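Q: Sharing a structure below in structure tokens format, with a few things to ask.
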Amino acid sequence: MYHLLKGLHEHLTRKEEFSVIIIGLDGAGKTTLLEKIKTFYNDTPGLSPDKIGPTVGQNMGKITLPSTILQFWDLGGQRGIRNIWSKYYDDCHAVVYVIDADDRERLGEGWEVFDSVLSAPQILGVPLLLLANKQDSPQSLSVEEIRHDYEDWHQRKLESARRDVRYGEVENEASARRERIASLDVMGISALEGAGVRAAVDWLFIRVQNSRRETQKGAT
Ligand SMILES: Nc1nc2c(ncn2[C@@H]2O[C@H](COP(=O)(O)OP(=O)(O)OP(=O)(O)O)[C@@H](O)[C@H]2O)c(=O)[nH]1
Ligand SMILES: [Mg+2]
């Protein structure tokens, strides 16, 4: 009887676990974000920004929310190690792409990489959140400016591809991508100061729950 009740209790109080990957160029602020999330949601605070160095590999952090555990994987963004990201695509429930909204020089590089993430078939139906980080900096581009910058960049890329011979291929790919861009959620945060971080976690919490329900519906 005890085991039966214990089993029932465990079943009823069991928390579902979801994996979220945090990717983006080196220096975008991914680890600073992960450590801020830990500070906000865990008893043990995360590292302070002055203790954070470039990530070579990955960092992991878990937080507990009502009936849910979110497990974050912060993956190194340096050019030579970006190819490890795709190894996480199959098992993730959400993707966070962090862009440094304060670094205009590297926005093009950031979009080039973002575009290759969007084209990965494993994450086609996975919730994707674009975070415009470093909003505390006065020169930082706003959420709207970031969205426009990406749309302009994408438009320019399409136009130059149209001059190319692979026209049909580009058109097919472009319409799929356009849909994703149109429904793309962009939020502004300061990983350093914490502004917007809770809202981003709330978004993830809701979206992983919803997409799980959709998957269940699809399976029945
Ligand atoms: N002003 C400002 N600086 C930030 C913010 N977030 C991160 N930084 C700074 O940006 C630099 C890079 O931050 P990291 O968190 O190490 O960047 P990362 O994306 O993890 O970089 P990699 O590990 O190399 O991929 C550090 O100097 C941070 O203090 C922010 O919201 N505002
Ligand atoms: Mg890092």
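Q: Could you give every pair whose Cβ atoms fall below 6 Å, whose first residue belongs to region 33-45 and is within 16 Å of ligand 2 (Cβ to nearest atom), and whose second residue is among the aromatic types (Phe, Trp, Tyr) and modelled with pLDDT of 95 or more, counting only separations of at least 6 or pairs across chains?
A: 34/72
Q: Looking only at region 129-149, how many residues end up being farther than 17 Å from residue 191 by Cβ and either in contact with an Asp or Glu (Cβ under 9 Å, 6 or more places away or on another chain) or surrounded by fewer than 19 Cβ atoms within 10 Å (Cβ to Cβ) (or both)?
A: Matching residues across region 129-149 total 4.
Q: Right, another one. Kindly provide the set of residues from region 1-35 that are farther than 30 Å from residue 197 by Cα and surrounded by 10 or more Cβ atoms within 10 Å (Cβ to Cβ), ordered by number.
A: 6, 7, 8, 9
Q: Go through region 73-94 and give me each residue that's more than 12 Å from ligand 2 (Cβ to nearest atom) and of a type in the set (A, V, I, L, M, F, W, C).
A: 84, 85, 92, 94
Q: For residue 27, indicate whether it is near ligand 2 (Cβ under 9 Å from one of its atoms), out of contact with any helix residue (DSSP H, G or I) (no Cβ under 6 Å at 6 or more places or on another chain) and at positive phi.
A: Yes.
Q: Which residue, of 55, 31, is assigned to a helix (DSSP H, G or I), among the polar types (S, T, N, Q) and at pLDDT 95 or above?
A: Answer to the check: 31.
Q: Quick one: in region 88-110, which of the residues that are away from ligand 1 (no atom under 16 Å from the Cβ) and in a helix (DSSP H, G or I) is surrounded by the most Cβ atoms within 10 Å (Cβ to Cβ)?
A: Residue satisfying both the conditions and the ranking: 89.
Q: Moving on. (1) more than 28 Å from residue 16 (Cβ to Cβ); (2) in contact (Cβ under 8 Å) with a residue 12 or more places away in the chain; (3) exposed (fewer than 13 other Cβ atoms within 10 Å of the Cβ): which one isn't true of residue 57, the others all being true?
A: Looking at each condition in turn, residue 57 falls short on (1).
Q: Look at region 72-105 and say how many of its residues are touching a residue at least 12 places away in the same chain (Cβ under 8 Å) and under 18 Å from residue 133 (Cβ atoms).
A: 20
The values are calculated or read from the model by the stated rules, or taken from the named source; none is laboratory data. All values derive from a computational prediction rather than experimental measurement. Quick reminder, even Gly has a Cβ in these numbers, built from the backbone with ideal geometry, and neighbours come from all protein chains shown.
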